[in-house]
Amino acid sequence: MNKALKFGIGSTLLTTSIHPRDVATKLLMCAATVVLTPALLTAQVSLGTVVDLAQRNCDAVKLAEADVAKANAVYAESKDVLIPSLSVSSGVPVFPEVGFTGQPPSVWSASMQSLVFSIPQKHYIDAARSGFLSASSRLKDAREQAALDASTTYVALDSVNRELAAADQQQEMAARLVEIEQQRAEAGVDPLSELLQAKLAAANLKLAHLHLEARAAKLSKDLALLTGLPLGSITPDHASIPEIPQVHADEKQRTLPGIEAARQLARSRLDQAKGDQDTNYYPQLGFALQYYRNTTILNSVNQFFAKPLPANNFASGISIQIPLFDMGHRAKGHESAADALRAKVEAEQAERQNDLAITELTGGLRELDAQAEVAALRLQIASEQLKTVRTLVENGNGASSAPGGPAQASPRAEQLAEIDERQKFADSEEAALGLAKARLSLLRALGHMEDWLHELHTK
């Protein structure tokens, strides 16, 4: 049975009829939307998935892939000059030809040509191959850098989220502490300065919480840009983060893809310079083949020859090009030699910079490792002190107890101990985050990034 619903707007009365089942259906859909919307907006995404998305979405990777495709095409082009090329053309005169036009008239023609022998071309092929290898190494380097950026940002966001949870607990404890001090000040137990100190501690914790929120927002934005996912849709899954291997500078160093790319580029420039220089000294041999289908339609060509023009004309031959004097190619050789020298110096510079980065990371890693150990010990001490305070709050017998018994701890002391324990937890997380970033950077500098990616895919 339908129920009529009346809505009054001003002096106007609106009447509509709604079935009860329609109302229930709409209410159910609204409830489902409210429940499911948060799940659709945010979800736990593993570190391995984030790294894969970052490698696919990274602009540097896309540019490197385009460079690989171009280098592969250049390599194929340098080899394909040895493969005969075939072309066919045709043409019909628009007006009748008069007189001798300089070449036999043809309906269509075909030509085939290729390079047979060239010492410079061998250097050009080697240069193109080294260029392709250099582009491939740059692609690998770009993928590793994208993985490092995504891993570092993901681990940092996970750590900051854990610090935020601890900061939320600290704020609740600080509010409880302010309430306790307010009561004690009103009762005349503590001076007003204690209440002000509690409010100052609460304000400092609020400021620290705002700082953590800003860091989390920045890291979330970075992850969104790295992966291409909507902002705030990634919630780190702490269980998906594998343990970062503890590598050291004295371990066997692998060739970094970026350094290998620089080496291959230097080799490519050197082969290019050799090819440009040899062009001035070595001859080149080429092969050519031509066919013409001649015609006497719309022309008087037979008037200029002793015999009628044959319909089929075929020619072939080997062309030899001997360099005698070419200042342009000589200058080109000098230019290529300068490029090769520059590429070689840049490759050596990249190696020295990577060695320096390894030395700096190793020294910083020792310090960060010690800081993380200190922070972990401080957290353990704070946890034990909190347990002691809680025991005194629950079991302390106060001044009226037997001699030597534990003094009754106040709720104020418990709140202070809890706040201190949460602060030590945040300090420990921060130290662990700095250590993780340093280890990941050292993995990258030592060329062991593949081991980390393997850990992510097997996690």
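The values are calculated or read from the model by the stated rules, or taken from the named source; none is laboratory data. Bear in mind the structure is a predicted one, so any value in this text is a computation, not a measurement. Cβ atoms come from the backbone with ideal geometry, glycine included; neighbour counts cover every protein chain shown.
Assorted remarks:
- Selection over the range 318-335 of residues that are surrounded by 10 or more Cβ atoms within 10 Å (Cβ to Cβ) and closer than 16 Å to Gln284 by Cβ gives a count of 9.
- Cβ pairs under 6 Å, 6+ apart, first in the range 209-224 and touching a residue at least 60 places away in the same chain (Cβ under 8 Å), second surrounded by 15 or more Cβ atoms within 10 Å (Cβ to Cβ) and of a type outside the set (Ser, Thr, Tyr): Leu219/Ala156; Leu219/Leu157; Leu223/Ile234
- Filter result for the condition that a residue is out of contact with any Pro (no Cβ under 9 Å at 6 or more places or on another chain), within 30 Å of Gln170 (Cα to Cα), modelled with pLDDT under 90 and in a helix (DSSP H, G or I), over Glu394, Glu421: Glu394
- Matching residues, the range 247-272, being of a type in the set (S, T, N, Q) and at pLDDT 80 or above: Thr255, Gln264, Ser268, Gln272
- Checked against the criterion of being surrounded by 17 or more Cβ atoms within 10 Å (Cβ to Cβ), in contact (Cβ under 8 Å) with a residue 24 or more places away in the chain, in contact with a Ser or Thr (Cβ under 8 Å, 6 or more places away or on another chain) and over 19 Å from Ala147 (Cα atoms), the range 244-262 contains one or more residues that satisfy it.
- The number of residues in the range 64-119 being assigned to a strand (DSSP E or B) and touching a Pro at 6+ places or on another chain (Cβ under 7 Å) comes to 3.
- Conditions (1) more than 30 Å from Asp126 (Cα to Cα); (2) in contact (Cβ under 8 Å) with a residue 60 or more places away in the chain; (3) touching a strand residue (DSSP E or B) at 6+ places or on another chain (Cβ under 8 Å): number failed by Ala311: (2)
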